[in-house]
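The values are calculated or read from the model by the stated rules, or taken from the named source; none is laboratory data. Predicted, not measured: the structure shown is a model, and the values here were computed from it. Neighbour counts are summed over all protein chains in view; Cβ atoms, including those assigned to glycine, are modelled from backbone coordinates with ideal geometry.
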Amino acid sequence: MTVTKFSFIASTAPSAREALADLERRYGSVSPEDADVIVALGGDGLMLQALHRHMGLGKPIYGMNQGTVGFMMNPYDPVGLPERMAEAEPATLHPLRMRAVQSGGQEQTALAINEVSLLRETRQAAKIRISIDGRVRLEELMCDGILLATPAGSTAYNLSAHGPILPIDAAILALTPISAFRPRRWRGALLPHTAKVRLDVLEAEKRPVSAVADNAEVRNVTEVHIEEDRSVSLHMLFDAGRSLAERVLHEQFLN
């Protein structure tokens with residue numbers, strides 16, 4: 001793609017702020033609304049923030065690593081940015097939409113690019129009933145929590161919880177328990193991306209649970225409904241030969 005107008009954003013890290021100043025001197029900067037591409041300087045946390053903040057613009061976001069892990073970022077190089085954009089490989093993501101009902105009856109909604117997770121709030125293990133497409137699949141899971149991950153999020157919290165890595169273009173979601181106590185041998189499930197997931201918190205007053213969609217937390221939930229929102233498309237750009245699909249595949253062969 002031909003890019004002439006950039007909008008640069010950066011985390012608060014000193015290296016990211018220095019990179020921001022350098023790139024603005026080299027290429028100038030316009031508002032995200034007027035840009036061809038939004039360039040995010042930081043780590044994966046900043047990339048998630050940028051995707052959420054600018055979700056309604058439909059603009060592609062190109063990340064350059066000035067953070068710690070940078071799985072969703074490209075290497076930092078201030079030289080030849082328009083040429084890199086011309087050869088960049090796109091990736092389109094669709095988030096999960098969470099609707100959480102709290103103990104007082106209030107409802108909260110949020111979008112998640114990586115995962116929606118339910119987590120116990122106290123020393124008491126959570127008890128959760130799992131329904132898929134209106135059918136109860138597991139009457140009671142006793143655990144620290146459970147999460148539903150997108151392919152993009154499958155290498156994040158989901159992987160740390162021993163969930164599977166999903167190819168980025170797979171029409172699949174990963175339902176992964178977090179420290180399951182009973183049933184001990186249940187390791188989760190792979191669901192079609194069209195699945196409508198309902199998680200009911202059992203004994204909610206005794207065993208309070210929070211629901212988290214990426215960074216948005218809703219406390220004291222009694223039921224959580226999750227499904228993919230195909231009406232929302234998020235666009236990312238990656239250097240040629242370093243696509244998000246390639247990174248996810250590579251991650252599966254690391255020791």
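Is there any pair linking a residue in the range 181-201 that is of a type in the set (Asp, Glu) to one that is in a strand (DSSP E or B), with Cβ under 7 Å and at least six apart or on different chains, and which? If the second residue must be in a strand (DSSP E or B), the pairs left are ASP200/ILE128; ASP200/ARG129; ASP200/GLU223. Counting only strands (runs of 3 or more DSSP E) wholly contained in the range 1-95, the ones carrying 1 or more residues that are on the phi < 0 side of the Ramachandran plot, charged (D, E, K, R) and surrounded by 15 or more Cβ atoms within 10 Å (Cβ to Cβ) occupy 89-93. State all residues of the range 192-204 that are over 18 Å from CYS143 (Cβ atoms) and in a loop (DSSP other than H, G, I, E, B); if no residue qualifies, say none. Correct list: HIS193, THR194, ALA195, LYS196. Among the residues here, ARG184 qualifies as surrounded by fewer than 16 Cβ atoms within 10 Å (Cβ to Cβ) and either over 30 Å from GLY43 (Cα atoms) or not assigned by TED's automatic domain parsing to the domain that holds ILE61 (or both). Under the condition of being in a loop (DSSP other than H, G, I, E, B) and within 13 Å of the chain's Cα centre (by Cα), the residues counted in the range 129-165 number 7.
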